[in-house]
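Structure, as structure tokens:
Taken together, the values in this text are just the output of simple stated rules run on the coordinates, not laboratory data. Given the structure is predicted, the values throughout are model-derived calculations rather than measurements. No Cβ is skipped: glycine too gets one built from the backbone with ideal geometry, and neighbour counts run over all protein chains shown.
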Amino acid sequence: MRISIIIILIALFTKTQATDYWQPYKITAEVITYNSIDRKVKFSVYDSLSGIWRYYNTPYYNTPKITITDTMNTIIGFNIYDYDNNGNIVRDTDFGFVIFDHELHQFKPYYDYFIPSDPMLVAGADLEPDGIAMSAWADEQSSLGYTWIKEYTMMYSIIKHKWDTLYLEQGVKDAWECYYSKYVNSGFAYTCEHYSSSDRNYTTSVLMPVEQTMWRSQSGFIGSYVTSGRDMTFKNHNGVYDTDAFCHAFDPVYGIKPHSFGGGVSSVYLHNNILRASKYTLIYDDSTHSMVIDSLPSGGTQGVIIKDGVVTFKHMATVVCKAFSPTTRTWISGTFPSTGIDSLKIVNGTVKWKDAAGNSHKAGYIDGIGWGNYETPLLLSFYASELYSASGYPYVFVRNYSIGTDSVRYDFGDGVISDYYENSLWHLYQVNGHYQPTYPNVSYNICIQTVNDSGLQSYCQSFSINCVEADIPIINASSDSICASDPVTLSITGNLNSAQKWSWYTGSCNGISIGTGDSIIVNPGVTTTYYAIGEGGCIVGSGCGSVTINVGPPPQATISPSGPTTFCQGDSVVLMANSGTGLSYQWLHYHNAIPGATTPSLTVYTAGPFNIIVEENGCAKTSLDMNISIPCLPPFDPSEKI
């Protein structure tokens, strides 16, 4: 049996100059051969922060060939080869890739392999890196009609200094005809199709840099889909299934947010943020973390065009125009009756067409005024989600809401400028050359830019990294004087501000951690001081509040008998508790309170264990058992006759 395996490892970034998340160093690699049969890969990079060259070597492989994929030089992949049964050089199952972590000044390799046992296979790792995130799959087909697949998304975290992996599929899948992955603009999300007869499965995965976790959203079978940018993916069930439709919006705070439609969706269009379904026009609004939906007129639409932040289509004898206002965060519509509609198009945000007589018409949008018979002026706009206070690291996520052009780029104000046609991007700022928590009150000017006939146009917003320390908390105690091990509730009055949580300690501020939260229950055995401080997010230190809980010493609780504790029936013994000022007493028999027995002494006539509870100033202590034994009958009286 001959098995054919194809493995492709692809970075999700599609723009060669785009900056997304963080910027790795460019590295070089070469294959080193030893004794003509053993080979390894040697990696090198100039570490500009430390001013020296760094090197890394893979293990030696007994292989006739190693190939290197260094499309962008930031992540370098390598493939191991072997001989098949006919002596041909083919790819083996082993592959790997390497990135340089300049915070640790170390190369960070990742090695993997695919597990089909038949040695007659083709395997490898083809890399197109422009960053960190990537996916991999294997498609194995044989005469038995099965597919073996290993599919995952990976990204190197400069914060955790490790590869983050999300496994989507792994193992043998039956009767899959092929596997295909579609990449989303600048990475962090992708879709895939698993063909089985006429059905396709659709998956979206995304790495959330703030939480440093991988998100995944997956649906059932689909018939068609459209993707544009990282922002939305669309699924349209058809064929043997119904015509329900779904879309996935990407929220920088909450991750992948699905939205579903009812039945009857027959066509979909998607461009940048804007999704147009048969009955709806939608856009995801980062400012409200919600989908903004506009219903379309009934009766059908034709010739849908989405371009330059504008939607237009034909509806009966009318040209319908729509734009999402970046100021009111609502859809603004305009309708223009026309006797005949031909050559409908959008030019720099202006809708243009010809009527049946060949006359030219136009419709433009001016924010704050609406649609009219004029040109659409350029309106550059974007929304920046500041994620520093939530993560402690200077992240920003930007999304384009411009009208009048699709060709925009971002200048992040730190020397990093993206490519054009970037709709949405992550960016992680450096501080003194490092990706690390920053300090309060750092500001950058983020600009969205385009070029038109008047030259470079810019719209800028000030992005401030303001970290406000938590208030020094006031700690409220349900009681500040207790007995040993009594419960006390401690609660906080104060604002966290930019901190994420209240942390509780004993011993000292930031001493021994005992929990987190707005309140905590403690049971001190001795007098103890408790500390609380606002921590997390961008906060690296703030002032502690404290409270001391005084624990009173318990009184003594002892029992002294007046005579022997073993005697005959009819005899007795007096039990005496320790005495003192301010003491109260309660005698117990078989550990149950004896009603009315609240004096320091007790005359006992019966057997069993006796205890005394001694209380002083609200603190109580129970004595050890005093066991009374009555093993015999009373002495015989000769005067008594039977």
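Put a dot 7 Å past the Cα of Val31, heading toward its Cβ, do the same for Thr67, and the two dots end up 0.9 nm apart. The stretch between Ser513 and Gln569, if pulled fully straight at 0.36 nm per residue, gains 14.3 nm over its current Cα-Cα span. Computed from the C-beta positions of Gln302 and Trp163, the FRET efficiency with R₀ = 41 Å rounds to 0.25.
Stretching the chain fully between Asn523 and Asn445 yields a gain of 22.9 nm (0.36 nm per residue, less the alpha carbon separation). Applying 0.36 nm per residue to the separation of Glu386 and Leu624 and subtracting their alpha-carbon distance, the gain on full extension is 79.3 nm.
The packing ranking, built from the mean of other Cβ atoms within 10 Å per residue, places the peptides 325-337, 282-294 in the order 282-294, 325-337, highest first.
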